[in-house]
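Report on the structure given below.
The values are calculated or read from the model by the stated rules, or taken from the named source; none is laboratory data. As the structure is a prediction and not an experimental result, all values here were calculated from the model. Here the Cβ positions follow ideal geometry from the backbone for every residue, glycine too, while neighbour counts run over all protein chains shown.
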Amino acid sequence: MGGFVSPPPEPGLSARVWLDSTCTQIGLAMARSIGDHAVKPIGVIAEPVVTQHKIHPDDEFMILATDGVWEFISSEEAVKVVSDNMHLGATKACQCLIEAAAARWHDEEGDYRDDITALVIRLQRLWDAETGKTKRKRETT
């Protein structure tokens, strides 16, 4: 079992994993490995790592992000960036996180960077809305 790796064809492009040594069969850029089951025989795992967390009323937000964020930003740092900017709204807090990740990529890798995608979901508003509904129901009874 094993694949063949070709270097990036030019700056800013990805190295690829190939099924064959002549690089004519399926080639995989690692950012697209989820769902690429064709390269499973050479060791690429297409199963994402999944964890679970029960959401509680005191949880303020949730961050969903690609490896381009997590490469140089720890979970703790991401939470701090988002938390420090959440007063500006979830969209702006998310933008700050993406900008922090892009800056870190620039510091570490120069002009190259991986895909940076993130979502920040404000959970507190969900709880506030639920609490508001409960209050309104009580007031009308």
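Below, the figures for the structure above:
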read-out	value
Residues (touching a Cys at 6+ places or on another chain (Cβ under 9 Å) and either exposed (fewer than 13 other Cβ atoms within 10 Å of the Cβ) or touching a residue at least 24 places away in the same chain (Cβ under 8 Å) (or both)) located in the stretch 66-107	Val82, Asp84, Leu88
Helices (runs of 4 or more DSSP H) (entirely within the stretch 48-141) containing at least 1 residues that are at pLDDT 95 or above and of a type outside the set (Gly, Ala, Ser)	75-85, 90-109
